[in-house]
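Okay, structure first, notes after.
What follows draws every value from the coordinates through simple rules; no lab data is involved. Nothing here was measured: the structure is a model prediction, and the numbers come from that model. Don't worry about glycine lacking a Cβ; one is built from the backbone with ideal geometry, like all the others, and counts go over all protein chains shown.
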Amino acid sequence: MSNPWDDWDHVLKVDPDKDLCDGETFEDVCRTGTDAIEIGGTLDVTAEKMTRVIDAAAEYDVPLYQEPSNPGVVIDSPALEGYLIPTVFNAGGPFWITGAHKEWVRIDDLDWDRTHTEAYIVMNPDASVAELTNANCDLTADDVEAYAKVAERMFGQEIVYLEYSGTFGDTEKVAAAHDALDDATLFYGGGIHDYESANTMAAHSDVIVVGDLLHDEGVDAVRETVRGAKDA
Ligand SMILES: CC(C)=CCC/C(C)=C/CC/C(C)=C/CC/C(C)=C/COP(=O)(O)OP(=O)(O)O
Ligand SMILES: O=P(O)(O)OC[C@@H](O)CO
Ligand SMILES: [Mg+2]
């Protein structure tokens, strides 16, 4: 079965808790050339902030996906192409693997056709997502490779997400995850800040995710990372 992300090279992650750079609009954000926008962040995300971003980006062509960090911020909106739901394979306990998901399914009527999962492997111990989920980030390339295989082969995950949020990752570990996968798509995220860093990680993964750069440097810098991803 084919999935939209099979054709993606670049995803822009918009954090609803962070501002855009001065003078930039969501129209600019949607015109960076990115293949899709993921809306989400770990800390201080509310349903209201989520809705504000979804509404502001709704009228442009780029596909919008929500990446909720908990069931309370999931927005039911026709503007969304779908929901990318993290599950953290190396979390310190079951809540962020299946617990939050169980609570969500218990309280909400899910639109299963638009609901997809991402098998996160969290790699930066200083990132909020690592602290929140108490992730064990002390992983060798072999560990990463094994997690990627478990995700694809045992848990049928179609997206494996190597998450270095806030820092540039180890290309050897990214390559190990990539080599481990046959059909699943490898997302890489963390520390991409220019053409070169985008080009490097795009060569070792299937899709690169750019986050903080949008909020720190703005859309021109993001456009350079799109170019780096597409050239790889
Ligand atoms: C079941 C539902 C609907 C949700 C649970 C989903 C899970 C398991 C979330 C845990 C992992 C998580 C919080 C993912 C959010 C996406 C993410 C990693 C965003 C990047 O966050 P950071 O860059 O670490 O955080 P800030 O930028 O907010 O500091
Ligand atoms: O913010 P950065 O470091 O670009 O990371 C992107 C994304 O993987 C965060 O979830
Ligand atoms: Mg972040």
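What the table shows:
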item	result
Those residues of the stretch 191-205 which are without any contact (Cβ under 8 Å) to a residue 40 or more places away in the chain, part of a loop (DSSP other than H, G, I, E, B) and within 29 Å of ALA146 (Cα to Cα), in sequence order	GLY191, ILE192, HIS193
Qualifying residue in the stretch 202-216 (condition: out of contact with any strand residue (DSSP E or B) (no Cβ under 8 Å at 6 or more places or on another chain) and away from ligand 2 (no atom under 14 Å from the Cβ))	yes
Residue selected from the stretch 1-22 under the condition more than 14 Å from ligand 3 (Cβ to nearest atom), of a type in the set (Asp, Glu) and free of Cβ contacts under 8 Å to residues at least 60 places away in the same chain, by the criterion nearest to PRO86 (Cα to Cα)	ASP7
Top-ranked residue of the stretch 110-134 - restricted to ones that are aliphatic (A, V, I, L, M) and within 9 Å of ligand 1 (Cβ to nearest atom), ranked as farthest from PHE187 (Cα to Cα)	LEU132
Qualifying residues in the stretch 81-110 (those that are in contact (Cβ under 8 Å) with a residue 12 or more places away in the chain and among the charged types (D, E, K, R)) - the one nearest to ligand 2 (Cβ to nearest atom)	GLU81
Odd one out for SER128, checked against (1) away from ligand 3 (no atom under 16 Å from the Cβ); (2) within 15 Å of the chain's Cα centre (by Cα); (3) of a type in the set (Ser, Thr, Tyr)	(1)
Test: residue in the stretch 214-225 that is in a strand (DSSP E or B) and not aliphatic (A, V, I, L, M)	no
